[in-house]
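**Student:** Would you mind keeping the following structure in view while I ask a few things?
The values are calculated or read from the model by the stated rules, or taken from the named source; none is laboratory data. What you see is a predicted model; the values in this text were computed from it and never measured. Counting neighbours? That spans all protein chains shown, and the Cβs are built from the backbone with ideal geometry, glycine included. Accessible surface is based on the protein model in full, side chains and every heavy atom, while ligands, DNA and RNA are left aside. Shrake-Rupley method; radii C 1.70, N 1.55, O 1.52, S 1.80 Å.
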Amino acid sequence: MTAFSSRVYLLRHGELTTKDVLAGHTDFILSETGVEQLNIACGSLANIDLVTSSPLKRCSEFARQFCDFNKIPLNITDDIKEFNFGDWDGQSYDELWQHTNTPTIGDFWQSPWIVTPPNGESMAHFYQRITTWWQQLFANTICQGTRSQLVITHAGVIKQLLAIICQMPKQLNYQNIFTVGYGKVICIDIFFDENGQAWPKIIF
């Protein structure tokens, strides 16, 4: 194959109408401020060939509007949903800090690779889910020759991707290493060599 470069914009959804909650798979919606944050974030993006979005409303509703307005193909996939916090999902942080026990929410934040939320997703499963999707993005980009794409997703997903790109060792607590604010964009350039090998780098 011929070597080429592709750009991926990772965009976290905007502010939610419900504040101070553990927003995993619970389907919260954006506030007016959250929508405006995404409009501002996407205002400077040009020549987007494809948008991929989490199916959760805080990502997908804006993604559909953006793609309809700009006549861009949209791919919605469960693979980039946020981490599933199980029984804790959607609850307020205050309630979780006061009432969780064995394990507590604090146990999870300190040791997420060891502690799994009750009826939730393990960090190992989450890591593998995001890794598999990222590798599939490489394959699809090569197959389709995509030059520029926007991925609208969640903070936890973006943190895992940054850890993967930086080749950080597993078992590190990525959730406490990176901070990704509402409506923030992180740019990744990927160079594909003649053998189809992907070489991603983070652009600051």
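**Student:** From the list N84, N75, N47, exactly one residue is in contact (Cβ under 8 Å) with a residue 12 or more places away in the chain, in a loop (DSSP other than H, G, I, E, B) and under 20 Å from N140 (Cβ atoms). Which is it?
**Tutor:** When all the criteria are applied, what remains is N47.
**Student:** So, one more: Among the residues of the stretch 174-204 satisfying the criterion of being within 16 Å of the chain's Cα centre (by Cα) and within 15 Å of W134 (Cβ to Cβ), which is surrounded by the most Cβ atoms within 10 Å (Cβ to Cβ)?
**Tutor:** Y174
**Student:** Which ranges mark the helices (runs of 4 or more DSSP H) fully within the stretch 89-171 that have 1 or more residues being among the polar types (S, T, N, Q), open to solvent by 40 Å² or more (accessible area, probe 1.4 Å) and farther than 24 Å from I76 by Cβ?
**Tutor:** 93-99, 105-110
**Student:** Only one residue in Q128, Q160 is within 18 Å of the chain's Cα centre (by Cα), of a type in the set (S, T, N, Q) and closer than 16 Å to L10 by Cα. Which one?
**Tutor:** Only one candidate qualifies: Q160.
**Student:** What is the number of the single condition among (1) touching an Asp or Glu at 6+ places or on another chain (Cβ under 8 Å); (2) hydroxyl-bearing (S, T, Y); (3) at pLDDT below 95 that S44 does not meet?
**Tutor:** (1)
**Student:** Taking the criterion of being over 18 Å from the mean Cα position of the chain (by Cα), surrounded by 14 or more Cβ atoms within 10 Å (Cβ to Cβ) and not acidic (D, E), would at least one residue in the stretch 53-61 satisfy it?
**Tutor:** no
**Student:** Still on this structure, I have one more. Would you call R64 assigned to a helix (DSSP H, G or I), under 20 Å from K159 (Cα atoms) and not aromatic (F, W, Y)?
**Tutor:** The answer is no for R64.
**Student:** For the stretch 69-80, indicate whether the set of residues that are crowded, with 19+ Cβ neighbours inside 10 Å and among the basic types (K, R) is non-empty.
**Tutor:** For the stretch 69-80, residues crowded, with 19+ Cβ neighbours inside 10 Å and among the basic types (K, R): absent.
**Student:** What's the total number of residues in the stretch 1-27 that are assigned to a loop (DSSP other than H, G, I, E, B) and either hydrophobic (A, V, I, L, M, F, W, C) or on the phi > 0 side of the Ramachandran plot (or both)?
**Tutor:** Matching residues across the stretch 1-27 total 5.
**Student:** Moving on. Which ones in the stretch 1-44 are aliphatic (A, V, I, L, M), without any contact (Cβ under 8 Å) to a residue 40 or more places away in the chain, open to solvent by 30 Å² or more (accessible area, probe 1.4 Å) and within 25 Å of W133 (Cβ to Cβ)?
**Tutor:** I29
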